[in-house]
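This report refers to the structure that appears directly beneath it.
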Amino acid sequence: MILDARGGFPNLEGRYHCCIIGSGPAGITLALKLADAGRRVLLLEAGDREVTTESQDLYEGLILGHDYFPLSAPRLRALGGTSGHWGGQCMLLDHFDFLPRRDVPLSGWPIRYADLEPYQAEAAQILQTGSFRSQNRKPADNTGTIDIVDQRFSSDRPFYDMENNDPVRFGIKYLAFLKGSRQVDLVLNANVVGFNVDDTTGRIVGVRVHTYDGQRGNVTADCFVLAMGALENSRMLLHLNREQGDRFGNQNDMVGRCFMEHLTIHNNVYFITKRLYSHSSTWEFERLFRRAIPELLLSPSHKQMLKNGWTNTVVRLGRLNREPLEIDDIPASDFIDKLKFNEDYFFTGRSSIVGEQQPNLASRILLTEEKDRFGLRVVGLDLQLKPNDIETLRSSTIEVAKFLIRTGLGRMQMEPALWDLETTEHLPLDFFSHHMGGARMSLSSDTGVVDADCKVHGSKNLYVAGSGVFATGGHANPTFTIVQLALRLADHLIGNAA
Amino acid sequence: MISKNNPLDKVLEPNVIFADGWLLDASDFITEKRK
């Protein structure tokens, strides 16, 4: 059933097993599975069915560190959350993303790839990718330095094509379910502004809700799940801990820390030699490039990452065109004359490097002194990068260039500022709007905020869903993992956990 | 005139250099004089 808090918070009757705060991919996935198991769910959405100015404006925040998008731009505060404008690319984290790495401080999850693997098929169904059938990676040649990332769903796509496919918009796709469900009550325009805590037991007994027209409400449930996106989850936890003496995951000042993004630099053109005949060693790659929709992904191998202390990166090679190199791509007029090959003979395409940011305590989500219309402190983002983050982008690009040279496949451009290892302010860095960390998963409160079941350290019944719990981010787009984690959390709440 | 090679030769041990925005191999450059 869908209710609306506009005009007054509705009178909710009966007992809810779970109150989920936020109706994005994590919140709706959780609601679907809990409802399927017969649990009664209250789903609170701060926005309306579609984006409204008064809701979206509450996503404004302050940029305190590295230059970044305005904080209301990369996320949507409405039914379906940020899935309302996502590109739809679905990828899985690598097996080794979950493991500790000697040169990456705070790396290693308390769960493994195998803990999420049972949820692949269900996640694929929810995200409509078709089933996942692939081996993730395979060596690109016999040197063991470069892998082809070969993630393929039964739709015969390596991942969603942003141009040719229509990603799942959770607010639209699952609207009929939410309308018709007898297990799920969705309340729109319900802004959670705080928690009620039983001081004796430490249990969260309720949440306080404000409406846009000044009405107030209280909600009770057996357990509560923050599914508001990484920035808002940390913001709400920071507010809770200010009231409650840092006993909810912030025993060691970890709430909001280790915020991570996927870094990218566009390296512009690459080319592949034209004569790709079946008798040539490059024929196999021609086949791969032709199948690569929309991109062919080449990534330094796990062995190479560990040897060099790099994080997980991937060079994305866009589809090849038959056009020769454009003159603008050859800055010096006599440059090509000095080379042994000719610019007229090649396929060309565009490439970019996407890299994992190391967990970094200094990169964090904060509360500022400014307050919003409900009296809550406005969020601040102090995004900080480490020199190793940039070095990894540079070295991984060169590693892929070496592969192209070694095999005779082609050559590629590189952003000059990256070659020169300019300071981050002078690099043309871009970000994917993938907000990870801030409520990271860890064995104890020393290094994180939630445990392996996504329960907030020190809490009895407060959980976090979404990419805020990521301990590390790999290079994969996070939504598929977000859905896997939400399904696993649902199993835990139902009591089905392995 | 030097004939330009295509497909590219394989280079077993690349020596990557950065030239005019390109990651090339040191052997990519013509060292002989043009006739």
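The values are calculated or read from the model by the stated rules, or taken from the named source; none is laboratory data. Worth saying up front: this structure is predicted, and the values here are computed from it rather than measured. Every residue, glycine as well, gets a Cβ built from its backbone with ideal geometry; the counts of neighbours run over all protein chains shown. With ligands, DNA and RNA removed, areas are computed over all heavy atoms of the protein, side chains included. Shrake-Rupley method; radii C 1.70, N 1.55, O 1.52, S 1.80 Å.
Figure legend. Inter-residue proximity from region A:391-419: first residues under 16 Å from A:His302 (Cα atoms) and more than 7 Å from chain B (Cβ to nearest Cβ), second residues in a loop (DSSP other than H, G, I, E, B) and modelled with pLDDT of 95 or more, beta-carbon distance below 8 Å, spacing 6+ or different chains. Indicated pairs: A:Thr392/A:Trp310; A:Thr392/A:Thr311; A:Ser395/A:Trp310; A:Ser396/A:Trp310; A:Glu399/A:Thr145; A:Phe403/A:Thr145. Among the residues making up region A:447-456, those that are assigned to a strand (DSSP E or B) and surrounded by 23 or more Cβ atoms within 10 Å (Cβ to Cβ) are A:Val450, A:Val456.
Look at region B:19-30: where a residue is within 15 Å of A:Phe271 (Cβ to Cβ) and within 7 Å of chain A (Cβ to nearest Cβ) and a partner is among the small types (Gly, Ala, Ser) and surrounded by 14 or more Cβ atoms within 10 Å (Cβ to Cβ), sitting 6+ places away or on another chain with Cβ atoms under 6 Å, you get B:Leu23/A:Ala401.
Yes or no: A:Lys138 at pLDDT below 90, over 21 Å from the mean Cα position of the chain (by Cα) and open to solvent by 50 Å² or more (accessible area, probe 1.4 Å)? Yes, satisfied.
Conditions (1) touching a residue at least 40 places away in the same chain (Cβ under 8 Å); (2) surrounded by 22 or more Cβ atoms within 10 Å (Cβ to Cβ); (3) assigned to a helix (DSSP H, G or I), marked per residue:
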site: A:Thr201; (1), (2), (3): yes, no, no
site: A:Arg208; (1), (2), (3): no, no, no
site: A:Asp213; (1), (2), (3): yes, no, no
site: A:Gly217; (1), (2), (3): yes, no, no
site: A:Phe224; (1), (2), (3): yes, yes, no
site: A:Asn233; (1), (2), (3): yes, yes, yes
site: A:Met236; (1), (2), (3): yes, yes, yes
site: A:His239; (1), (2), (3): yes, no, yes
site: A:Gly249; (1), (2), (3): yes, yes, no
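At pLDDT 95 or above and either outside any loop (DSSP other than H, G, I, E, B) or open to solvent by less than 20 Å² (accessible area, probe 1.4 Å) (or both): is that true of A:Leu32 in this structure? When the stated conditions are applied, A:Leu32 passes them.
For (1) at pLDDT below 65; (2) farther than 26 Å from A:Leu393 by Cα; (3) open to solvent by 70 Å² or more (accessible area, probe 1.4 Å); (4) more than 10 Å from every other protein chain (Cβ to nearest Cβ), each residue gets a yes or a no:
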{"residue": "A:Asn267", "(1), (2), (3), (4)": "no, no, no, no"}
{"residue": "A:Ile272", "(1), (2), (3), (4)": "no, no, no, no"}
{"residue": "A:Trp283", "(1), (2), (3), (4)": "yes, yes, yes, yes"}
{"residue": "A:Gly309", "(1), (2), (3), (4)": "no, no, no, yes"}
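Condition check for A:Glu370 on (1) of a type outside the set (A, V, I, L, M); (2) open to solvent by 40 Å² or more (accessible area, probe 1.4 Å); (3) within 23 Å of the chain's Cα centre (by Cα): one failure, at (3).
Table: residues versus (1) over 23 Å from A:Asn233 (Cα atoms); (2) surrounded by 15 or more Cβ atoms within 10 Å (Cβ to Cβ).
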| position | (1), (2) |
| --- | --- |
| A:Trp86 | no, yes |
| A:Asp103 | yes, no |
| A:Leu106 | no, yes |
| A:Ile111 | no, yes |
| A:Asp115 | yes, yes |
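If the condition is being farther than 12 Å from A:Leu178 by Cα and not charged (D, E, K, R), then region A:28-43 contributes A:Leu30, A:Leu34, A:Ala37, A:Gly38.
When A:Val192 is tested against (1) modelled with pLDDT under 95; (2) open to solvent by 10 Å² or more (accessible area, probe 1.4 Å); (3) part of a strand (DSSP E or B), just one condition goes unmet, and that condition is (1). When A:Ser444, A:Ser459 are screened for being over 27 Å from A:Thr220 (Cβ atoms), assigned to a loop (DSSP other than H, G, I, E, B) and either out of contact with any Ser or Thr (no Cβ under 9 Å at 6 or more places or on another chain) or of a type in the set (Phe, Trp, Tyr) (or both), only A:Ser444 passes.
A:Gln358: over 24 Å from A:Asn268 (Cα atoms), touching a Phe, Trp or Tyr at 6+ places or on another chain (Cβ under 9 Å), in a loop (DSSP other than H, G, I, E, B) and modelled with pLDDT of 95 or more, yes or no?
Criteria not met by A:Gln358.
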